[in-house]
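The structure appears below as structure tokens.
The values are calculated or read from the model by the stated rules, or taken from the named source; none is laboratory data. As the structure is a computational prediction, the values presented were derived from the model and not from experiment. Neighbour counts run over all protein chains shown; Cβ positions are idealised from the backbone, glycine included. Side chains included, ligands, DNA and RNA excluded: accessible areas come from the protein's heavy atoms. Shrake-Rupley method; radii C 1.70, N 1.55, O 1.52, S 1.80 Å.
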Amino acid sequence: MIGIYGGTFDPVHYGHLRTGLEVSDIFALQELRFLPCAQPAHRAEPEVSRAARLQMLQLAIANYPQFSCDTRELERTGPSYMLDTLVSIRAEIAATPLILFIGTDAFNALTSWYRWQALFEYAHIVVMTRPNFKADPLTDFYRERQVDDWQSLKSCTSGKIYFQNVTQLDISATFIRQTIAEQKSARFLLPESVINYIQVNKLYQA
Ligand code: ATP
């Protein structure tokens, strides 16, 4: 199975990396691709450039061969619709099961994503617990697709939803940006290599 971990990564932090490592192991993924979003459909494009967000991600995953960066959204123009992304990945991986990983906050907003129901034609969705967010009650659409055993995700290429507990790290990129803007230390929330990059390039300063 191949995993996709989408986000703005503005900047990438241990909340992404630790949960990414855990789901890679739990689901025995061949590969987990971090997929930076260029132009989110429901929020402004980050002030920090696409190239800088990508470089921070590349620094963060440099020593982890099971992690990679997928840059296809950065190379497209227009809003970064996850559906377009999954369609293009599916065309490359034939019938390999594909999992889109999202945190609970993203799950609660999923029905606002472009043609969200069609996502399930191309991938499974696994929802990872995130501190301070509780999943909204499941509608029939989700209940019909929910599986209780992760092994079921291996038996078909797409179409299922599964809920996975992960270590709860109350870290957000918003908090990191604020911390840096207030000239406080962001150490231990994200890799040192990314902190150095932020300092050298004077990102997130007030
Ligand atoms: P921001 O604070 O700018 O909104 P963020 O920290 O939420 O950023 P994103 O890049 O927007 O990070 O998140 C991408 C994905 O990672 C989303 O699916 C989100 O739910 C998930 N995620 C982010 N942080 C965590 C965390 N600490 N634990 C679990 N999932 C997380």
ask   = Do we find that Pro40 is out of contact with any helix residue (DSSP H, G or I) (no Cβ under 9 Å at 6 or more places or on another chain), of a type outside the set (Asp, Glu) and open to solvent by 40 Å² or more (accessible area, probe 1.4 Å) in this structure?
value = no
inquiry  = Against the conditions (1) part of a helix (DSSP H, G or I); (2) surrounded by fewer than 19 Cβ atoms within 10 Å (Cβ to Cβ); (3) in contact with a strand residue (DSSP E or B) (Cβ under 8 Å, 6 or more places away or on another chain), where does Ala135 fall short? Just the number, please.
reply    = (1)
note = Ile26 fails exactly one of (1) open to solvent by less than 20 Å² (accessible area, probe 1.4 Å); (2) under 22 Å from Leu153 (Cα atoms); (3) within 16 Å of the ligand (Cβ to nearest atom), namely (1)
ask   = Going through region 138-176 one residue at a time, which ones are under 18 Å from the mean Cα position of the chain (by Cα), buried (at least 16 other Cβ atoms within 10 Å of the Cβ) and part of a helix (DSSP H, G or I)?
value = Ala173, Ile176
request  = Could you run through region 48-59 and say how many residues are part of a loop (DSSP other than H, G, I, E, B) and within 11 Å of the ligand (Cβ to nearest atom)?
outcome  = 1
query = Taking region 84-103, which residues are open to solvent by 10 Å² or more (accessible area, probe 1.4 Å) and either part of a helix (DSSP H, G or I) or without any contact (Cβ under 8 Å) to a residue 24 or more places away in the chain (or both)?
reply = Asp84, Val87, Ser88, Arg90, Ala91, Glu92, Ile93, Ala94
